[in-house]
Amino acid sequence: AQRVTQPEKLLSVFKGAPVELKCNYSYSGSPELFWYVQYSRQRLQLLLRHISRESIKGFTADLNKGETSFHLKKPFAQEEDSAMYYCAPDMDTGRRALTFGSGTRLQVQP
Amino acid sequence: SQTIHQWPATLVQPVGSPLSLECTVEGTSNPNLYWYRQAAGRGLQLLFYSVGIGQISSEVPQNLSASRPQDRQFILSSKKLLLSDSGFYLCAWSVLKEINTGELFFGEGSRLTVL
């Protein structure tokens, strides 16, 4: 079965520090990979997708096929980055649904 | 533009009572529709998804059921709620694709408390 692992439930950093939210998946194919974010009192929304290779709000995510990882990174955290982050690989298994990781809560302290 | 509405936003129900959460999507046709449950420390659990009217796939055996009576309407139900049904329920939609799932668009969620 396909699995998605976000090993950290909580990540607490100070403002200006680098951030790396880890995500590992188990899938033999080449998935499209998403990161979703949920800010306080807002709906869950897409932050970025691997295929677009873009940087959103200073965040980037690199696919490492060898390690089957898709970690989310930002060089300098801001307080407004505090939120819940979910990794979701889009795996072509015939099942038209995303499997999400358990999520990592990022707390950026002033 | 597409929008997704979900209601009620908050619900407090006694154990053994029925449940109906409703979700509608506007501005698109033939969407995939989803119900997820978000629980603290457990992430997002997929409950049901639907690729068309009357087509429901269940992911987890449970006390809940789902129906899709119209193309853009998705309903989550229970005949008798359990305490363990408490949680935050999210409806979502995606564009129907031949392969993969694609981006999901989420509703604002419904918080259910079973007492």
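The values are calculated or read from the model by the stated rules, or taken from the named source; none is laboratory data. Given the structure is predicted, the values throughout are model-derived calculations rather than measurements. Note that each Cβ is placed from the backbone with ideal geometry, even for glycine, and that neighbours are counted across all protein chains shown. Side chains included, ligands, DNA and RNA excluded: accessible areas come from the protein's heavy atoms. Shrake-Rupley method; radii C 1.70, N 1.55, O 1.52, S 1.80 Å.
Within 10 Å, Cβ to Cβ, of A:D81, how many net charges do the neighbouring residues add up to if Lys/Arg are +1 and Asp/Glu are -1? All intermediate terms of the calculation are to be shown ahead of the outcome.
Numbers: positive: A:K15, A:K57, A:K74; negative: A:E79, A:E80.
Residues near A:D81 contribute +1 overall.
Going down the list A:K22/A:K57; A:K74/B:K97; A:K15/A:K65, which pairs span over 22 Å between their C-alpha atoms?
A:K74/B:K97; A:K15/A:K65
On the protein heavy atoms, probe 1.4 angstrom, tell me the percent of accessible surface of the protein assembly as shown carried by carbon and sulfur.
On the protein assembly as shown, the fraction of accessible area on carbon and sulfur atoms equals 50 percent.
Would you mind getting the accessible area per residue of chain A, heavy atoms of the protein chains only, 1.4 Å probe, in Å²?
Normalised by residue count, the accessible surface of chain A is 50 Å².
Just the Kirkwood number for segment B:56-115, please: inverse of mean 1/r across all distinct Cα pairs, in Å, one decimal.
Averaging 1/r across every pair of different Cα atoms and inverting gives 13.4 Å.
Nearest 20 debye, what's the magnitude of the dipole of chain B about its Cα centre given +1 on Lys and Arg Cβ and -1 on Asp and Glu Cβ?
320 debye
Nearest 100 Å² is fine: how much accessible area is buried between A and B, summed over both sides, with a 1.4 Å probe?
1900 Å²
Give me the log10 of I(q) over I(0) for segment A:33-110 at q = 0.22, 0.26 Å⁻¹, as the Debye formula computes it from C-alpha points; what are the numbers?
Treating every Cα as an identical point scatterer, log10 I(q)/I(0) equals -1.10, -1.42.
Roughly how crowded by other chains is peptide A:38-47, in terms of the mean Cβ count from those chains within 10 Å of each of its Cβ atoms?
4
Have a look at segment A:63-110 and report residues whose accessible surface goes down by 30 Å² or more when the remaining protein chains are included, against the chain on its own, probe 1.4 Å, ligands and DNA/RNA excluded.
Listed by number, the residues meeting the 30 Å² cut-off are A:Y86, A:D90, A:D92, A:R95, A:R96, A:A97, A:L98, A:F100, A:S102.
Give me the net charge of A:L106's neighbourhood, meaning all other residues with Cβ under 15 Å from the Cβ of A:L106; Lys, Arg count +1, Asp, Glu -1.
Values: positive: A:K9, A:K15, A:K22, A:K57, A:K73, A:K74, A:R105; negative: A:E8, A:E20, A:E79, A:E80, A:D81.
Spelling it out: positives minus negatives among the neighbours equals +2.
Which number do you get for Rg(Cα) / (2.2 N^0.38 Å) in chain B?
With N residues counted in chain B, Rg over 2.2 N^0.38 Å equals 1.01.
Run through all the Cα pairs of the protein assembly as shown and give the fraction in each 10 Å bin from 0, expressed as whole percent.
Pairs per bin, as whole percents: 8, 33, 35, 20, 5, 0.
Once amide H atoms are built 1.01 Å from N in the peptide plane, which residues 5 or more positions from A:E8, or in another chain, come under 5 Å H to H?
It is A:K22, by chain and number.
Taking only protein heavy atoms and a 1.4 Å probe, what accessible area per residue, in Å², does segment B:42-115 have with all protein chains in place?
On a per-residue basis, segment B:42-115 sits at 48 Å².
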